[in-house]
Amino acid sequence: MKKIRKAVIPVAGFGTRFLPATKSTPKEMMPLIDKPIIHYIVEEAVNSGIETIIFVTGRHKRAIEDYFDYYPELEQVLKKAGKEKEIEKLRQISNMAEFVYIRQKEQLGLGHAVLTAERLVGDEPFVVLLGDEIIKNYENPGIKQLIDIYYQFGKSVIGTMEVQKEDVSKYGIVAGKEVINGIKLVETLVEKPAIEEAPSTSAIIGRYVLTPNIFESLKQTTIGKGGELQLTDGLINLRKKEVIYAKDIEGIRHDTGNKIGYLEAILDYALEREDVKEEFIKMLKEKCKEVEQGQS
């Protein structure tokens, strides 16, 4: 069984839900305290044994490339100021993994983004992490949970979570039979079904382990909902040839692709940071008191 060494992270989207900020700043580069969202996602991959990060990017995402590159001019300024620890932190970012970039010339969906990376992935199993979903689990990173299942069965694995029935139309939905320890053998996949058509409330989230056979399946997949090539539809085709597993990922998930999810992530990470926690809690209490007084 081949080792999983590569991660594909699609980051070509415009981030229109965060305009005007994303007019010039990639949504993946929006900060959670002092690190951009994409940093947390790369950390999850690296802490799961990934060696190469393949960013499927666009012409407006150069800031991501710059972030994971060396910055000699800044290092010189820091060196003159005697800030050696800061220089070391910057170098650690650049040395986290091997970073590779490929352009998605047209934004034709997640399936198309994955297919764009075919040449770089080659004939190897790989993982996909969406660039706006953070899963916090320091003991057992989200994508590692799926990688471990891959090494057990040698097949593709989809990360899932339970959602409210009224929310099923926002996600790809899977249904199947449990085979062992919460691992399901997938029997049905549906992309963003209507409530009455959903086979379950088990929603696909932004973590996948995929066999290289997904590429041929995507090539045989027709354009789906939203006029895009959907990865879920490609998985439906893949399932005709080989089994697929699914597992609820353990951890705290933040969907930073929407405003409330982003604010929730900031709140969560701020409350665990010893350097800002005390003052942050004090500020929150004061603001809540002001709101209560204003409403009374």
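The values are calculated or read from the model by the stated rules, or taken from the named source; none is laboratory data. In this text the structure is predicted, and so the values were computed from the model without any measurement. FYI the Cβ positions are ideal-geometry reconstructions off the backbone, even for glycines, and counts take in every protein chain you see. When the accessible area is computed, the model is the full protein with side chains, heavy atoms only, and any ligands, DNA or RNA have been set aside. Shrake-Rupley method; radii C 1.70, N 1.55, O 1.52, S 1.80 Å.
Considering each residue of segment 65-84, count those that are in contact with a helix residue (DSSP H, G or I) (Cβ under 9 Å, 6 or more places away or on another chain) and assigned to a helix (DSSP H, G or I), and give that number.
Going through segment 65-84 one residue at a time, the tally reaches 6.
Going by the conditions given, is E250 of a type outside the set (G, A, S), in contact (Cβ under 8 Å) with a residue 60 or more places away in the chain and part of a loop (DSSP other than H, G, I, E, B)?
Yes: the conditions hold for E250.
Among residues belonging to segment 62-119 that are β-branched (V, I, T) and in contact with a Ser or Thr (Cβ under 7 Å, 6 or more places away or on another chain), point out the one that is surrounded by the fewest Cβ atoms within 10 Å (Cβ to Cβ).
Taking the candidates together, the pick is V100.
Applying the selection to segment 215-229, what residues are assigned to a helix (DSSP H, G or I), open to solvent by less than 70 Å² (accessible area, probe 1.4 Å) and within 14 Å of A113 (Cβ to Cβ)?
Selection gives F215, L218.
State which residue is farthest from D233 (Cα to Cα) when the search covers only segment 158-189 and only residues that are among the hydroxyl-bearing types (S, T, Y) and either over 23 Å from the mean Cα position of the chain (by Cα) or open to solvent by 10 Å² or more (accessible area, probe 1.4 Å) (or both).
Applying the filter and picking the extreme gives S169.
List the residue pairs whose Cβ atoms are under 8 Å apart, where the first residue sits in segment 74-98 and is in contact (Cβ under 8 Å) with a residue 12 or more places away in the chain, the second is of a type in the set (S, T, N, Q) and surrounded by 12 or more Cβ atoms within 10 Å (Cβ to Cβ), and the two are 6 or more positions apart or on different chains.
A97/T52; E98/T52
Quick check on segment 76-90. Is at least one of its residues of a type in the set (D, E), in contact with a Leu (Cβ under 6 Å, 6 or more places away or on another chain) and more than 17 Å from L129 (Cα to Cα)?
yes
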